[in-house]
Amino acid sequence: KTSSSQNWMSMMCGAPIEMTGVTSNEWTRENHKISPAAVNKQGIFPTVFDCIREQKPGARMEAYIEWADETRLYDMSVFDEVLCSDAEAKVWYDADQLLDAAFASYLENEPDLLFVSIDYPDHVGHSSGHETQDYFDCIHHMDEMVGKFVKDLETRDMLKDAVIFIVAD
């Protein structure tokens with residue numbers, strides 16, 4: 001059984017699960033075992049996105065999220081732009097589409113924060129196995145896409161003002 005929800009929430013909050021209250025992939029705002037130690041205006045533990053919005057109300061923040069269910073973890077209203085798969089609307093973006101859209105938007109709009117969450121490597125790991133050729137090929141492809149983006153930032157002299165975090169659950 002995977003534990004993506006609590007890992008993502010901990011990474012986006014900088015807090016352990018006993019503080020966020022997100023203890024499993026089955027967690028919802030209405031159905032949880034542990035109450036969060038602090039809450040935002042939506043009644044969930046505040047993320048780094050909440051903190052940035054509070055401290056810099058004029059900051060432009062964009063989110064590109066492949067795993068639609070991940071959005072239940074965060075207050076998505078703090079973002080100025082959101083592109084996300086939507087299970088209810090049956091709209092699916094693959095990793096390449098999301099990365100292309102996110103990187104193009106960053107180069108054009110220069111948001112203060114660009115959050116990109118790609119589920120594809122995790123999916124490949126679970127379906128084909130971790131440490132398989134399919135998994136390594138997937139990681140290599142994602143690395144190439146990020147590398148192209150970094151080169152684009154260098155070419156436009158934008159890298160000196162960028163901070164890039166790459167994390168995985």
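The values are calculated or read from the model by the stated rules, or taken from the named source; none is laboratory data. In this text, all values refer to a predicted model and were calculated from it rather than measured experimentally. Please note: Cβ atoms are built from the backbone with ideal geometry, for glycine as well, and neighbour counts cover all protein chains shown. We work out accessible area using only protein heavy atoms, side chains counted, and drop any ligands, DNA or RNA first. Shrake-Rupley method; radii C 1.70, N 1.55, O 1.52, S 1.80 Å.
One table, with the values for the structure above:
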read-out	value
Using θ = phi - 60° and Karplus 6.51 cos²θ - 1.76 cosθ + 1.60, couplings along the range 85-99 (whole Hz; Gly, Pro as x)	4, 9, 4, 5, 7, 6, 10, 10, 10, 8, 4, 4, 4, 5, 5
Where GluC sites (Glu not before Pro) fall in DSSP loop in the range 1-39, at most 14 other Cβ within 10 Å	Glu26, Glu30
The range 1-59, relative contact order in percent, only Cα pairs under 8 angstrom and at least six apart counted	29
Nonlocal amide H pairs with Ile65, under 5 Å, H built at 1.01 Å	Leu83, Cys84, Ser85, Ser117
Listed peptides 123-133, 74-84 by packing density, highest first (mean Cβ within 10 Å)	74-84, 123-133
Rounded accessible area per residue of the range 87-148, 1.4 Å, Å²	63
Coil-residue trypsin sites (Lys or Arg not before Pro) of the range 97-169, DSSP, other Cβ within 10 Å capped at 10	Arg156
Assigned charges on the beta-carbon of Lys, Arg, Asp, Glu; the range 17-154 dipole about Cα centre (debye)	640
Share of pairwise Cα separations in the range 5-50, more than 18 Å, in percent	12
Loop-located chymotrypsin sites (Phe, Trp or Tyr not before Pro) in the range 1-49 whose Cβ has at most 11 other Cβ within 10 Å (DSSP)	none
Percentage relative contact order, the range 65-169, counting C-alpha pairs under 8 Å, at least six apart	21
Inter-centroid distance (Cα atoms) of the range 97-169 relative to the range 27-60, Å	25
Ratio of the Cα radius of gyration of the range 1-136 to 2.2 N^0.38 Å, where N counts its residues	1.10
Within a Gaussian network of the chain (alpha carbon springs, distance under 10 Å), most fluctuating of Ala15, Ala102, Ala87	Ala87
CD proxy at 222 nm, helix term only [per DSSP H run n ≥ 4: -39500 (n - 2.57); per residue of the chain; nearest 500]	-12500 deg cm²/dmol
Gain upon complete extension [Ala104, His123; 0.36 nm per residue less C-alpha separation]	4.4 nm
